[in-house]
Amino acid sequence: MKQYYPIHLNLSFFFVTLSSLLLLIQSPSHALLSFTGSLGTTVSGEAAFSYDANAFYHIDGQSWLGIRYSQRDLDSVSLPTLGPSLWVRLPLGSVILPYAVASVNSPLNDEKGWLWDAGGGIDWKNGKYSSILFQGGYEWYRSHRAWYAHVGLLLEF
């Protein structure tokens, strides 16, 4: 008997594959790749630990497209997710740069649905190719809604 996979897993792997192919395209005029990692808390009634990791391809100096892996504990359920992510640095400032980020992630376990995420933060430059990130945002997954706050690190290559 042929086994079919849920549509949300098929779409997630399509977006991850597409994002991975974009990472192979090279552009010498600016840094090519960025990697971020952050951890913090998600608050919806009670606080829960959360973290994420991203790999981004730089479309230009301000816009990046990439892949995001995140781990959330939502209502006593551990939810690992994977999906595409978009990051846009706002052209204000030179050392402290505001940014906006959005992603749509598919669960990697037996859970169904999409984890939607929208937020922003401050990219505090440490040097030419590294930054400390302070990020906050809003996420929703089925009936779960929550605010999150993260602190992280950005490395550009």
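So, how do all the Cα-to-Cα distances of the stretch 91-145 break down into 10 Å bins, in percent, from 0 on up?
Whole-percent P(r) values from 0 Å outward: 22, 37, 24, 15, 2.
Expected output is a single nm value to one decimal: the length gained when fully extending between Tyr51 and Asp75, i.e. 0.36 nm times separation in residues minus the C-alpha distance. What is it? Intermediate values should be presented prior to the final figure.
Values: separation 24, 0.36 × 24 = 8.64 nm, distance 1.59 nm.
Stretched out fully, the Tyr51 to Asp75 stretch lengthens by 7.0 nm.
Measuring from label point to label point, each 7 Å out along Cα→Cβ, what is the Asp60 to Lys112 span in nm?
4.2
Set the Förster distance to 30 Å, then compute FRET efficiency between Ser44 and Ile96 from the Cβ-Cβ distance, nearest 0.05.
Values: r = 29 Å, r/R0 = 0.97.
Computed FRET efficiency for Ser44 and Ile96: 0.55.
Net charge near Leu97, counting Lys/Arg +1 and Asp/Glu -1 over other residues with Cβ under 11 Å of its Cβ?
Values: positive: Arg89, Lys125; negative: Asp123.
Around Leu97, the surrounding residues sum to +1.
Using a Förster radius of 25 Å, what is the FRET efficiency between Ser143 and Phe35 based on their Cβ-Cβ separation? Nearest 0.05, please. Working shown, then result.
Working: r = 33 Å, r/R0 = 1.31.
Plugging the Cβ-Cβ distance into 1/(1 + (r/R0)^6) gives 0.15.
Leu115: net charge of surrounding residues, Cβ under 15 Å, Lys/Arg +1, Asp/Glu -1, itself excluded? Don't skip to the end; give the middle numbers.
Working: positive: Arg68, Arg72, Lys112, Arg142, Arg145; negative: Asp52, Asp73, Asp75, Asp110, Glu111, Asp117, Glu139.
Summing Lys/Arg as +1 and Asp/Glu as -1 gives -2.
May I ask you to sort Arg89, Arg142 by Cβ crowding, counting other Cβ atoms within 10 Å and putting the fewest first? Don't jump to the answer; show the numbers that get you there.
Numbers: Arg89 18, Arg142 12.
Result, fewest neighbours first: Arg142, Arg89.
The numbers here are math on the coordinates, done by the rules we state, and not lab data. The structure presented is a predicted model; accordingly, all values stated were derived computationally and were not measured. Please note: Cβ atoms are built from the backbone with ideal geometry, for glycine as well, and neighbour counts cover all protein chains shown.
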